[in-house]
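Report on the following structure.
The values are calculated or read from the model by the stated rules, or taken from the named source; none is laboratory data. All figures in this text were calculated on a predicted structure; none of them were measured in a lab. Cβ: placed from backbone, ideal geometry, glycine included. Neighbour counts: every protein chain shown. Heads up: the accessible areas ignore ligands, DNA and RNA and are worked out on the full protein's heavy atoms, side chains in. Shrake-Rupley method; radii C 1.70, N 1.55, O 1.52, S 1.80 Å.
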Amino acid sequence: MILLDIFTFLGRMHPLIVHFPIGFLLLAIIFEGVSYRNKYAFLKGAVPFTLLMGFSFGVAACVLGFLLSRTGDYDEQTLSNHKTSGILLTLMAGILYGLTTAFFRKIILLPRGIFSTLALTIFLFLIYTGHQGANLTHGSNYITLQTLMQQERQKPKLVEDAMIFEDIVHPILEKRCFQCHRRDKKKGQLSMENLATMLKGGKHGPSVVPGNLEESELFRRITLDAAHDDFMPADGKTPLTSMETEVIRWWIEKAMAVEKKKIAELKDHAQIKPLLASVLELGGYGEMIRLAGQHVNSNIPDTLDMTLVENLRKTGMVVRVMFQKPLMLDVTLPSRSGKKIIEFENDLKPLVRNIIWLNFSDNNATESELGIIKDMENLEKLRLEKNPISDGISDYLEGLQYLEAVNLNETKITNVCLRKLQKNASIKRIYTWKTMCEGLN
């Protein structure tokens, strides 16, 4: 529903707006305090205005915060604490402002000491409300004595000594998933803080099913197309890298989603050992991949100016970093974007050697717009389905020596295109469903 979408959008403005009442109320408290000195006595006159602004923005933050609270699965107690203290803080700011107006000063003339004490009380409420907000956003242990005193888990010196879940899998989940799936913010009723809660799962079933990738909701969602509604992590958060995804795959499928076990305790761990060493940053990345027996295209640049990636993202493209070294990119133009590929040409050109996966599906693209593809010399997977392209597309693809898979479903290609592409020995899969060359599938 459009109305629901508007409320959801407005709710997401809360983290932005909430900083305004914080700033104005802090200014009011500071002005009140320093105005006791003759040198800064003139600042006393600014206190009513800053209180009014703090109260006004506080009301807006409360309304938007309420809308936001309806869209997430937050811990009820923490949410209640934050909501109640935020409302009280706003009311106190409004009352304190009211006491500075001429109307109320005729009725109640507070001694300055009491007024300053009330201002200090607002400051204490501000700290408490902010702390509860941090608990909602980052977890209840974000600012605690326990966090201050806890010792960081020591990284193992050898891969064999690493705990599979505790040292390898859990840090990946903590970095990519905990912002939305923890004890006090269970989006989809799912917490991923430990294996027990992952096995229990949420409203969509178990997050992990040992030995079964198809039934493991975690793996299904992190391997979906980035444009898919169920892709995780959602809301533009940084997705898992290819190495992290492969570790999750191995942990579920081969290691049976174990915990409290070392790598050395598993049989046949030699093949995965180099990848795990890379994740743990034990030894050089390139060396680990070679030991794993995996081929890495040496033509892909090791580094890239990330501002170029950000520039492409600003155009509306979804860009995922698959590997860090060499730096591999997965680029997607969301389907039915209404934009022409040629609009992105200048932003794509500096990245052509780093683009490994490309998805332009369902964007009404023709061959005349897709000439830049022939410059993507390291491209491995290409999706062009549901576009009005025809046989001319083969001219751009026949020279791509690393291209392995091409999706041309629901296009206008014929057997002419298919025969030309079949001459490229690197291409292993060509999808031609609902085309004029179905007979050669």
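Residues of the stretch 396-420 that are over 18 Å from I356 (Cα atoms), surrounded by fewer than 19 Cβ atoms within 10 Å (Cβ to Cβ) and in contact (Cβ under 8 Å) with a residue 24 or more places away in the chain: N409, E410, K412, T414, N415, V416, K420. Number of residues in the stretch 404-441 that are on the phi > 0 side of the Ramachandran plot and modelled with pLDDT of 90 or more: the value is 1.
Among the candidates S368, S361, S335, single out the residue that is open to solvent by 60 Å² or more (accessible area, probe 1.4 Å), touching a Ser or Thr at 6+ places or on another chain (Cβ under 8 Å) and under 17 Å from L408 (Cα atoms). Within the list S368, S361, S335, the selection yields S335. The residues of the stretch 320-339 that are in contact with a helix residue (DSSP H, G or I) (Cβ under 6 Å, 6 or more places away or on another chain) and basic (K, R) amount to a single one, K325. Restricting attention to the stretch 83-111, the residues that are within 49 Å of the chain's Cα centre (by Cα) and without any contact (Cβ under 8 Å) to a residue 24 or more places away in the chain total 6. For A41, state whether it is of a type in the set (G, A, S) and either outside any helix (DSSP H, G or I) or closer than 16 Å to I22 by Cβ (or both). Judged against the criteria, A41 is not a match. Taken over the stretch 38-56, residues that are open to solvent by 60 Å² or more (accessible area, probe 1.4 Å) and under 36 Å from the mean Cα position of the chain (by Cα) amount to 1. Of everything in the stretch 202-257, what is open to solvent by 50 Å² or more (accessible area, probe 1.4 Å), in contact (Cβ under 8 Å) with a residue 40 or more places away in the chain and not in a loop (DSSP other than H, G, I, E, B)? Give them in sequence order. The one that is open to solvent by 50 Å² or more (accessible area, probe 1.4 Å), in contact (Cβ under 8 Å) with a residue 40 or more places away in the chain and not in a loop (DSSP other than H, G, I, E, B): E253.
Of all residues in the stretch 19-37, those that are surrounded by 15 or more Cβ atoms within 10 Å (Cβ to Cβ) and assigned to a loop (DSSP other than H, G, I, E, B) total 1. Within the stretch 421-438, the residues that satisfy the criterion of being closer than 19 Å to N378 by Cα and either of a type in the set (S, T, N, Q) or open to solvent by less than 100 Å² (accessible area, probe 1.4 Å) (or both) are L421, Q422, N424, A425, S426, I427, R429, I430. Comparison of L64, L4, L79 shows that the only residue that is open to solvent by 80 Å² or more (accessible area, probe 1.4 Å), modelled with pLDDT under 95 and aliphatic (A, V, I, L, M) is L4.
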